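Only one structure is covered here, and it is reproduced in the block below.
The values are calculated or read from the model by the stated rules, or taken from the named source; none is laboratory data. It should be emphasised that the depicted structure is a prediction, and the values quoted were computed from it without experimental measurement. Quick reminder, even Gly has a Cβ in these numbers, built from the backbone with ideal geometry, and neighbours come from all protein chains shown. To get the accessible areas, we keep the full protein, side chains included, count just its heavy atoms, and leave off ligands, DNA and RNA. Shrake-Rupley method; radii C 1.70, N 1.55, O 1.52, S 1.80 Å.
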Amino acid sequence: MAEDELEAYLVCPDEAKETDILMWWKTKSTWPKLQLMARQYLAVPATSAGVERLFSKASLAHGDLAKAMKEETLSFALFASYTARQCTNRHNHLRDIVADFCRQAHLSVRVEAGYGLSSDHSNTRPADVLVQGWDRGSPAALDITVTSPLTPATLRDASSTAGAAAYAAECRKHTANDAKCQELGWACIPLAVETFGNWGMEAQGVFSRLASALGMHQGTSKSWALHTIYSCLNMSLVRSVARSILGRSYVV
């Protein structure tokens with residue numbers, strides 16, 4: 001039992017300061033669970049790079065022209081800067097995973113498509129991933145969006161209906177992009193996902209169809225291909241959420 005191992009570890013006498021901690025844990029085979037944890041965490045090299053980057057940003061934000069800035073204001077400014085970068089990275093990772101699976105399914109794709117192509121030459125990009133020949137020969141504009149079910153606008157619906165936040169995000173994407181996609185002859189398909197990993201219905205339809213194509217080209221079952229798609233996407237999502245939470249501990 002892990003509890004027994006922990007209790008035995010806590011009553012051990014202290015070792016000398018010069019003890020090689022990695023070698024010490026290597027000999028503790030009677031504590032296999034704690035030994036595994038020690039091997040995992042003690043092997044990570046210590047670094048202060050994240051904190052140093054934060055101090056560097058703080059010095060830039062609190063320069064000669066902003067000496068009167070309150071500590072709380074500086075904290076919020078640094079937090080907003082960090083969060084914006086994390087959201088962009090999270091979006092781009094999910095986009096690249098979807099594009100890679102499309103390529104594995106032998107589909108022709110292009111990322112970040114649509115800039116300046118409509119009659120009004122707007123700078124919006126309705127296609128994070130543009131898949132050729134998706135809908136009866138027409139391209140599909142797959143637009144990824146991540147939303148939280150805990151926002152004031154969606155909290156009440158999300159608390160009673162699974163996927164309510166993802167559905168609301170799909171509606172917002174359709175409102176923003178349908179007109180431009182229709183002009184370009186593209187099918188607008190939002191790939192909405194909640195921060196806890198629940199994907200919207202339109203995304204589920206895309207992944208189901210993509211899994212069928214993957215299974216056919218790779219000689220695997222559709223269920224296994226679908227499992228792989230969701231595993232890769234949700235692992236990326238979980239890691240991004242973890243990085244965001246860790247970053248808050250530096251800033252707040």
| said: Quick check: residue separation of residue 196 and residue 209 times 0.36 nm, minus the Cα distance between them. What number comes out in nm? | reply: 2.4 nm
| Of all DSSP beta bridges in the stretch 105-216, antiparallel share, percent nearest 5 | 55 percent
| Could the peptides 28-40, 155-167 be put in order, highest first, of the mean number of other beta-carbon atoms found within 10 Å of their residues? | 155-167, 28-40
| query | When ligands, DNA and RNA are left out and all protein chains stay put, how many square angstrom of accessible area per residue does the stretch 100-220 have with a 1.4 Å probe? | reply | 51 Å²
| said: Please compute the modelled spin-label separation between residue 40 and residue 8, points set 7 Å along Cα→Cβ, answer in nm with one decimal. | reply: 2.0 nm
| note | Heavy-atom accessible area of the stretch 123-176 with neighbours in place, 1.4 angstrom probe: carbon+sulfur share in percent works out to 51 percent
| With each pseudo-label sitting 7 Å past Cα toward Cβ, what's the residue 224-residue 124 distance in nm, one decimal? | 4.1 nm
| How far apart, in nm, are two points set 7 Å out from the Cα along the Cα-to-Cβ line at residue 26 and at residue 150? | 4.2 nm
| note | Stretched fully, the stretch from residue 88 through residue 232 gains (0.36 nm per residue minus C-alpha distance, one decimal, in nm) 50.0 nm
| request: Go through 231-239, 197-205 and give me the packing order, highest mean Cβ count within 10 Å leading. | output: 197-205, 231-239
| task | Report the calculated FRET efficiency for residue 174 and residue 17 (r = Cβ-Cβ distance, R0 = 51 Å), to the nearest 0.05. | result | 0.20
| field | Accessible surface ranking that places the most exposed of 112, 183 first, with a 1.4 angstrom probe | value | 183, 112
